[in-house]
Amino acid sequence: PAEGAAWAVWAPPGRALAAVEALAGLPFAASVQPLQEGRALNRFSTAAAQSGRAPETPYSPYAPALRPLWQAGLRGQGEVVGLGDTGLDLASCFFRDGETSWPGPVHRKVVALREVGDRVDASGHGSHVAGSLVGDAGDPGEGADPRGPEGAGAYNGMAPGARLAFTDLGPPGRERDYLISPRSMHSYYQFAYQEGARVHSDSWGGLEAAYTEEARELDAFTFERQDFLPVVAAGNEGERLGDSRSTVATPATAKNALAVGASLGSQGAAPQPDGTAVQLRAALVSSSQEGEAAAAAAAAESSEAAGGGPSLEFTALLANFSPPAEAGWPSREAALELVEGAPPDACAPLEGPRARWEGRAVLLQRGDCYFSEKVRHAADAGAAAVLVHNDDQSGAGFFRMALPDGLRRGDLPQGTPSLAVPLSLGRRLRALLRRAAP
């Protein structure tokens, strides 16, 4: 086989290990890796990126002064940008060409389109990303109403004068943000390169924070063509990659790519929950109350509690049916011991001896039953407080627990504070608790 060649091999789950061993034994095999399933990762962006300011409201009149690069004539004229995503809506006003319906050298927005996928954009992600890059619905003019037909240009992409070399990666029949990862990054980039693209944008990636074959092939292509720059999404997995030291997912892990991500959430450096937020401190305790040596390692990532054990200070949001946190949680200076619930969602009575839960805060996962059931089961086991973290299905951020219809605060055990935290904190707490276990 040619140097750098790669193949995708499918094997039944029960034969996967044997397949890996057989492939690794081939004399020409350099590496064997799991195949990544790609996922899509991306009106204020053009203003914020150019001036550091955004319109005051979504309906503020169009203001050219917020886009100084465009005012200076820098609109991407004459440039071609490579892009691969779930599909492209050629009938959109941002890409439509009244003179020709199919991409090509004379098309006003798309110089070439390669169909790896299904010729449609079922999820809309690809059209959104392409519009953010090069979408051009005309100049709206100063003061145009973004809600009116003349205001569509207020939503133009960052380089409205540029054109696309587009690869459709959308799999047939998938309306979510999945796509077909390129089997060869060399072939994938070469298509755009030969159409004149020297910048390639990829708002997709796998879920693995590792240097994979995709990343290696990206590096090889850019090493050979040093006038070519791939711009790759760092990922959306900051809250989902467990306790990995990196939340940058492949292929953004490549050495020669420009990985683009955010270090702040939608609310900035210090998210402000909508409700009664309190600052708390928890001492991290394994369910078996053992593992002192491992607990010392966990303490390196957290501050020290007054008693010498690992602890963590954080913000939590009181449920609308909860008594004040002080009813069961001591001050920030005196941490309450925290232990993982079993079962993790407490949709059934907590398992194990009462001493395992009594006087401690219990960490639970959101979902599968009412909050009231979780709190009741924890309180019945003697828990001093209940801490519920968000989950993938319901959302990642802060949330406020409420009672189901027909249930009142007095129907629950009294004196057990109930608080909610984001998914990111829940994952971190669980990782530290498990490192404290023997």
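The values are calculated or read from the model by the stated rules, or taken from the named source; none is laboratory data. On a predicted model such as this, the values are computed, not experimentally measured, just so you know. Neighbour counts run over all protein chains shown; Cβ positions are idealised from the backbone, glycine included. Protein only, heavy atoms only, side chains kept; ligands, DNA and RNA dropped before computing areas. Shrake-Rupley method; radii C 1.70, N 1.55, O 1.52, S 1.80 Å.
Can you tell me which residue is modelled with the highest pLDDT among those in the stretch 389-438 that are charged (D, E, K, R), assigned to a loop (DSSP other than H, G, I, E, B) and open to solvent by 60 Å² or more (accessible area, probe 1.4 Å)? Let's see the steps before the verdict.
Our first condition is that a residue be charged (D, E, K, R); within the stretch 389-438, this holds for 391-392, 400, 405, 408-409, 411, 427-428, 430, 434-435.
Those left that are additionally assigned to a loop (DSSP other than H, G, I, E, B): 391-392, 400, 405, 408.
Cutting the leftovers down to open to solvent by 60 Å² or more (accessible area, probe 1.4 Å) gives us 392, 400, 405, 408.
Numbers: Asp392: 65, Arg400: 81, Asp405: 76, Arg408: 78.
Filtering first and then ranking leaves Arg400.
Just to be sure before I move on: is Ala378 in contact with a strand residue (DSSP E or B) (Cβ under 9 Å, 6 or more places away or on another chain) and at positive phi in the structure I sent? In short, no.
Only residues that are more than 18 Å from Ala137 (Cβ to Cβ), touching a strand residue (DSSP E or B) at 6+ places or on another chain (Cβ under 9 Å) and of a type in the set (A, V, I, L, M, F, W, C) were counted in the stretch 48-82, giving 1. The condition of being touching a His at 6+ places or on another chain (Cβ under 6 Å) and open to solvent by less than 40 Å² (accessible area, probe 1.4 Å) holds for Asp97. Screening Pro68, Pro64 for residues that are at pLDDT 90 or above and over 18 Å from Gly170 (Cβ atoms) leaves exactly one candidate, Pro68. Scanning the stretch 259-272 for residues that are modelled with pLDDT of 65 or more, part of a loop (DSSP other than H, G, I, E, B) and open to solvent by 30 Å² or more (accessible area, probe 1.4 Å) turns up at least one hit.
Filter the stretch 346-363 for residues that are closer than 22 Å to Ala335 by Cα and of a type in the set (Gly, Ala, Ser); which is most open to solvent (accessible area, probe 1.4 Å)?
Going through the qualifying residues, I end up with Ala355.
Screening Arg39 against (1) farther than 30 Å from Ala144 by Cβ; (2) modelled with pLDDT under 80; (3) touching a His at 6+ places or on another chain (Cβ under 8 Å) leaves a single unmet condition, (3). Assess whether Asp139 counts as being open to solvent by 10 Å² or more (accessible area, probe 1.4 Å), in a loop (DSSP other than H, G, I, E, B) and either among the aromatic types (Phe, Trp, Tyr) or closer than 21 Å to Arg75 by Cα (or both). Here the answer is yes, as Asp139 does meet what is asked. For the stretch 195-221, enumerate the residues that are among the basic types (Lys, Arg) and farther than 21 Å from Ala112 by Cα. Listed by number, the list holds a single entry, Arg216.
Looking only at residues in the stretch 62-90 that are closer than 25 Å to Gly104 by Cα and small (Gly, Ala, Ser), the one that is most open to solvent (accessible area, probe 1.4 Å) is Gly78.
For the stretch 197-231, which positions are basic (Lys, Arg), open to solvent by 70 Å² or more (accessible area, probe 1.4 Å) and touching a Lys or Arg at 6+ places or on another chain (Cβ under 9 Å)? Working first, answer last.
Here is the first cut: in the stretch 197-231, the ones basic (Lys, Arg) are 198, 216, 225.
Filter once more, so that each one left must be open to solvent by 70 Å² or more (accessible area, probe 1.4 Å): 198, 216.
Answer for the stretch 197-231, where residues must be basic (Lys, Arg), open to solvent by 70 Å² or more (accessible area, probe 1.4 Å) and touching a Lys or Arg at 6+ places or on another chain (Cβ under 9 Å): just Arg198.
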